[in-house]
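Here is the structure we will look at, set down as structure tokens.
What follows is calculated from the coordinates using simple rules that are stated; it is not laboratory data. On a predicted model such as this, the values are computed, not experimentally measured, just so you know. Using ideal geometry, Cβ is built from the backbone for each residue, glycine included, and neighbour counts are taken over all protein chains shown.
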Amino acid sequence: MRKKKIIVAITGASGSVYAKLLLDSLLKLSDQVEKVGVVMSDNAKEVWRFELGNEDYDLYPFTFYPKMDFNAPFASGSAKYDTMIIIPCSMGTLGRIAHGISNDLISRAADVILKERRKLIAVVRDTPFSLIHINNMKTVTEAGGIICPASPSFYSLPKTIEEVAQTVVSRVIDLAGLEQDSYRWNEE
Ligand SMILES: Cc1cc2nc3c(=O)[nH]c(=O)nc-3n(C[C@H](O)[C@H](O)[C@H](O)COP(=O)(O)O)c2cc1C
């Protein structure tokens, strides 16, 4: 299998633990991943500090791009990144993507992924949703994106917050086409 080039965008929705667990998983899946480019919004960093109590995003050995860096490779379709995962995805970022407002690297990279007909996975997080949010999810879905809500499952009987959050992250990894060992319903 060809190794994948993946963009991870982290935005300022609640659920930094999802981003942390995804980055941890991508480290472990390095045999399937050629490159991981990461971009964080300002609020993503603030929420991570608040919810996880650290700035450990700085410790990952991936390439981090400033949120206004339109010179990042994946700001252009020619860089041929396979997949973009936005985790967690705020309603603000969702709205900018749905309306083609490419005014930062996250919304531009998503615009590129959609126009190149590649895979966009948006782990949206808010509750409840307004009709504006729902319409934006519909628009992104119609444009080829995958809305993968940050809604954990409980049938694997998770015991910790990380195990609960991992139920979402494992689905994201499956959607990205990466092979992993994870809980499978009713499998031996
Ligand atoms: C602690 C905290 C939690 C937040 N949780 C959410 C959330 O779950 N969903 C959401 O859409 N916005 C949430 N926000 C608001 C976003 O951070 C804000 O709308 C921001 O402008 C989004 O911009 P970004 O997508 O560029 O990060 C939260 C903000 C803070 C400070």
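Remarks
One line per residue, one yes/no per condition, for (1) under 16 Å from the mean Cα position of the chain (by Cα); (2) within 25 Å of residue 174 (Cβ to Cβ); (3) not hydrophobic (A, V, I, L, M, F, W, C):
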{"position": "44", "(1), (2), (3)": "yes, yes, no"}
{"position": "70", "(1), (2), (3)": "no, no, no"}
{"position": "73", "(1), (2), (3)": "no, no, yes"}
{"position": "110", "(1), (2), (3)": "yes, yes, no"}
{"position": "124", "(1), (2), (3)": "yes, yes, no"}
{"position": "139", "(1), (2), (3)": "no, yes, yes"}
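- On inspection, residue 140 qualifies as crowded, with 17+ Cβ neighbours inside 10 Å and under 23 Å from residue 112 (Cβ atoms).
- Residue 32 passes every criterion in (1) of a type in the set (S, T, N, Q); (2) within 13 Å of the chain's Cα centre (by Cα); (3) more than 16 Å from the ligand (Cβ to nearest atom) apart from (2).
- One residue stands out among those in segment 2-26 that are assigned to a helix (DSSP H, G or I) and of a type in the set (A, V, I, L, M): the one that is surrounded by the most Cβ atoms within 10 Å (Cβ to Cβ), which is 19.
- Listed conditions (1) over 24 Å from residue 31 (Cα atoms); (2) part of a helix (DSSP H, G or I); (3) in contact (Cβ under 8 Å) with a residue 12 or more places away in the chain are all met by residue 134, apart from (3).
- Verdict on residue 147 being β-branched (Val, Ile, Thr), under 21 Å from residue 14 (Cα atoms) and surrounded by 21 or more Cβ atoms within 10 Å (Cβ to Cβ): no
- Residues (buried (at least 20 other Cβ atoms within 10 Å of the Cβ) and touching a strand residue (DSSP E or B) at 6+ places or on another chain (Cβ under 7 Å)) located in segment 90-118: 93, 94, 105, 106, 109, 110, 113
- Residue 79 being of a type in the set (Gly, Ala, Ser), more than 9 Å from the ligand (Cβ to nearest atom) and in contact with a strand residue (DSSP E or B) (Cβ under 9 Å, 6 or more places away or on another chain): yes
- Condition check for residue 166: loosely packed, with under 14 Cβ neighbours inside 10 Å and over 24 Å from residue 76 (Cα atoms): no
- Of the residues making up segment 74-126, just one is closer than 15 Å to residue 44 by Cβ, assigned to a helix (DSSP H, G or I) and among the charged types (D, E, K, R), namely 96.
- Filtered residue count, segment 120-142, keeping only those that are in contact with a strand residue (DSSP E or B) (Cβ under 7 Å, 6 or more places away or on another chain) and of a type in the set (Gly, Ala, Ser): 1
- Condition check for residue 49: within 16 Å of the ligand (Cβ to nearest atom), surrounded by 18 or more Cβ atoms within 10 Å (Cβ to Cβ), over 15 Å from the mean Cα position of the chain (by Cα) and of a type in the set (Lys, Arg): no
- Matching residues, segment 119-136, being surrounded by 14 or more Cβ atoms within 10 Å (Cβ to Cβ) and more than 13 Å from the ligand (Cβ to nearest atom): 119, 120, 121
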